[in-house]
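To start, the structure under review is shown below, and the notes come after it.
The values are calculated or read from the model by the stated rules, or taken from the named source; none is laboratory data. Everything quoted here is computed from the prediction, not taken from an experiment. Cβ placement follows ideal geometry from the backbone for every residue including glycine, while neighbour counts extend to all protein chains displayed. Side chains included, ligands, DNA and RNA excluded: accessible areas come from the protein's heavy atoms. Shrake-Rupley method; radii C 1.70, N 1.55, O 1.52, S 1.80 Å.
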Amino acid sequence: MANGTTRKKGSAVKAARGSVVSKKGTPWGTIIAVVAIVALAGAVITYYMVASAPKREQKDREAAAASFAPTASDPDPSKRIPGVVTATYTGSVHVLPTERVAYDKTPPFGGPHDGYWATCTGTVYPNAVRTENMVHALEHGAVWIAYNPQQVTGDALNLLKVRAEGKPYTMLSPYPGLDKPISLQSWGHQLKLDAADDARIDEFIAALRSNPNGVYPEVGASCDALGPGQFDPDNPPPFDPSKPGPDAKAMDYKGSTGAQADQTGGMGQQQPAPSTGAPAPSATPTK
C-alpha cells in the first residue's frame, strides 16, 4: 500500500509540474525580439559592407599604384606610364574672368588661365566648369579628371568619383565633346583613357598630384577657392563649348592688366597683378 501511495504522489507531482510548464508556454515574444535584433545587425553589417566596398576597393587600387609615388631619384614617375603626353608651359600668366584662351590642347593642361583657380579639394563638379579656372588649379598641383558625360555614366562614373571625392588636390568634372571617355590632366601632363577601371588612373594620380619635384609651377599653393565673387565652387563659372573667337588669348599671351596674380608662399593667396603683365609662356610639346 505504501508503494502504491508513493507512486500516486509521484504521479501527482509530475502532473502538477507538467501543468505549470504547459501554462508558461513558449516565450515567442523573446524569440521574435532576438530574431529581429539578429536580422537588424545582419542588415547593418551588409549595408556597411556594400556601402564601404568602393572605398575599400579604392584603397587597394591606391596601394597597387604606390610604386608611382615621386621620390628624389624618380621625380616624375608619370614618364613610366604608357600614354602620358607632356608639354612645357610657363605659369602665372593670367587673364580676366571675361576673357577666353585659345588653348592648344583639349582639355588643356597648361598655358594662360584665369586669375582665380577652381576649387580642387576633392571636388566633384556635377556640371562642366570654365576651362580657364580649371587650368589654374593644375598650376597649384591638382589633378583634373575630366570625362565625356555621354560616354561615362553609372558604375563607370562612380569609379571616377571615388578617385576624386574628398581627395586633396583633386577635382572631377564632365567635359562635353571630349574625344575620349576619360582624360586626366596635371600641369604639363595628360593621359586619355577608355575605361574607368584602368589602373593607369591611379598611377597618374600617385605620380603627379602634389608632386613636390617641380613638375608644376606653384608648389605649396592652396586648392581652396577664394569664395563668392571670385570663384564659388557651389556656383562656378560655366563651361563654354563654343570655339574661342578671334579675341581669344593665344598661348603666347603675356597676361591681362588688372588680372589676379598669385602670391603663394604655401597659402596660394592672391593680389592684383602689376600693370606690366606676366612674362610670355612657352608651350613646346614633348612626348
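At a glance:
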read-out: Residues of region 238-259 satisfying the condition of being without any contact (Cβ under 8 Å) to a residue 60 or more places away in the chain, more than 19 Å from residue 94 (Cβ to Cβ) and of a type outside the set (Ser, Thr, Tyr); value: 243, 246
read-out: Total residues in region 155-165, condition more than 18 Å from residue 129 (Cα to Cα) and open to solvent by 50 Å² or more (accessible area, probe 1.4 Å); value: 2
read-out: Test for residue 202: is it acidic (Asp, Glu) and open to solvent by 30 Å² or more (accessible area, probe 1.4 Å); value: no
read-out: Matching residues in region 129-147 - criterion: being in a loop (DSSP other than H, G, I, E, B) and either more than 20 Å from residue 167 (Cβ to Cβ) or among the acidic types (Asp, Glu) (or both); value: 130
read-out: Conditions (1) touching a strand residue (DSSP E or B) at 6+ places or on another chain (Cβ under 9 Å); (2) under 18 Å from residue 239 (Cβ atoms); (3) among the hydroxyl-bearing types (Ser, Thr, Tyr); (4) crowded, with 17+ Cβ neighbours inside 10 Å; number of the one not met by residue 86; value: (2)
read-out: Some residue of region 156-178 being acidic (Asp, Glu) and more than 14 Å from the chain's Cα centre (by Cα); value: no
read-out: Among (1) open to solvent by less than 100 Å² (accessible area, probe 1.4 Å); (2) modelled with pLDDT under 85, the one test that residue 81 misses; value: (2)
read-out: Only listed residue being at pLDDT below 85 and in contact with a helix residue (DSSP H, G or I) (Cβ under 9 Å, 6 or more places away or on another chain), chosen from 27, 54; value: 54
read-out: Residues of region 166-199 satisfying the condition of being within 20 Å of residue 69 (Cα to Cα), among the hydrophobic types (A, V, I, L, M, F, W, C) and buried (at least 19 other Cβ atoms within 10 Å of the Cβ); value: 171, 184, 187, 191
read-out: Hits in region 83-106 (condition: closer than 20 Å to residue 210 by Cβ and not in a strand (DSSP E or B)); value: 84, 89, 91, 92
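The rows are residues; the columns are (1) open to solvent by 60 Å² or more (accessible area, probe 1.4 Å); (2) touching a Cys at 6+ places or on another chain (Cβ under 8 Å); (3) at pLDDT 95 or above.
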| position | (1), (2), (3) |
| --- | --- |
| 212 | yes, no, no |
| 218 | no, no, no |
| 222 | no, no, no |
| 226 | no, no, no |
| 233 | no, no, no |
| 251 | no, no, yes |
| 255 | no, no, no |
